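One structure below.
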Amino acid sequence: MYQFFVEDEQVQQDRICIVGGDVNHIGHVLRMKTGEKIRISDQSGRSYFCRILEITEEEVWAQIEDTDEMGTEFSHKVYLFQGLPKSDKMELIIQKAVELGVYEIIPVAMKNCVVKLDAKKAAAKTARWQGIAESAAKQSKRSLIPKVSEPVSYKEAVAYAMKLDQKLVPYENERGMAATREAVEAVRPGESIGIFIGPEGGFAPEEIAMVKDEMNLISLGSRILRTETAGFTTLAILMYHIETSCLEKSN
């Protein structure tokens, strides 16, 4: 079942109107027909199971048949502060982070980042990254499209993260998974979580010194992980903890 996103005002009492680029995608790329089922989410995170009523060149109308009460979102908002990587690695990071349930992705310019973006390049990159997040949200049946922010400085990222409930910093010089387990298990229901991932060159000592008393430095094992792997691993650990905790509470 294909997934689409609409603005809140496009949802009527028993119907939803799809406009924009998704109309061409439904009619000419997917070649969908009336009667086919689709899943639609609005900007408030509500999701609906629908059946296509009408396809025109400008609009697609769908009948609401049921609401998705279970949804696909975490009970926690997870923020990924990602040190800017080289090449097109950021695109892969965004795609997989969205699949793993991240709420917002904040690219961060750190001391050891090779990539340097001026304002014009940053705006263009962010627009492309947001499109990748939307595609990944559709593919993974998310109920919302995670936001990809424009790149910020490390100092700005730390200030933003300090508003969150829990802050995790996977750091290659940390050893022992016991502290990692303790930090993850300390996450309480509904808390917001920030994850800081260094770039290819890792965190600079002064960057770690800035946060070591305010955030939880954790280990991801005895092997050194690439910047793209570290984020996926941390998100997967959190996903397992959060979703198994929810399952245990429901039983």
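The figures follow:
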| read-out | value |
| --- | --- |
| Qualifying residue in region 56-72 (condition: polar (S, T, N, Q) and closer than 16 Å to residue 143 by Cβ) | yes |
| Of all residues making up region 99-114, the number that are in contact with a strand residue (DSSP E or B) (Cβ under 8 Å, 6 or more places away or on another chain) and over 22 Å from residue 192 (Cα atoms) | 4 |
| The lone exception for residue 107 - which of (1) in a strand (DSSP E or B); (2) farther than 18 Å from residue 228 by Cβ; (3) not polar (S, T, N, Q) it fails | (2) |
| Subset of region 42-100 [among the aliphatic types (A, V, I, L, M) and open to solvent by 70 Å² or more (accessible area, probe 1.4 Å)] | 53, 70, 92 |
| Cross-chain or 6+ apart pairs with Cβ under 6 Å, region 148-174 first and within 10 Å of residue 193 (Cα to Cα) and in contact (Cβ under 8 Å) with a residue 60 or more places away in the chain, then in a loop (DSSP other than H, G, I, E, B) and not aliphatic (A, V, I, L, M) | 164/192 |
| Scope region 1-29; condition acidic (Asp, Glu) and surrounded by fewer than 18 Cβ atoms within 10 Å (Cβ to Cβ); matching residues | 7, 8, 9, 14 |
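The values are calculated or read from the model by the stated rules, or taken from the named source; none is laboratory data. Source: prediction; values computed, not measured. A quick note on method: Cβ atoms are made from the backbone with ideal geometry, for glycine too, and the neighbour counts reach across all protein chains shown. For accessibility, only protein heavy atoms count, side chains too; no ligands or nucleic acids. Shrake-Rupley method; radii C 1.70, N 1.55, O 1.52, S 1.80 Å.
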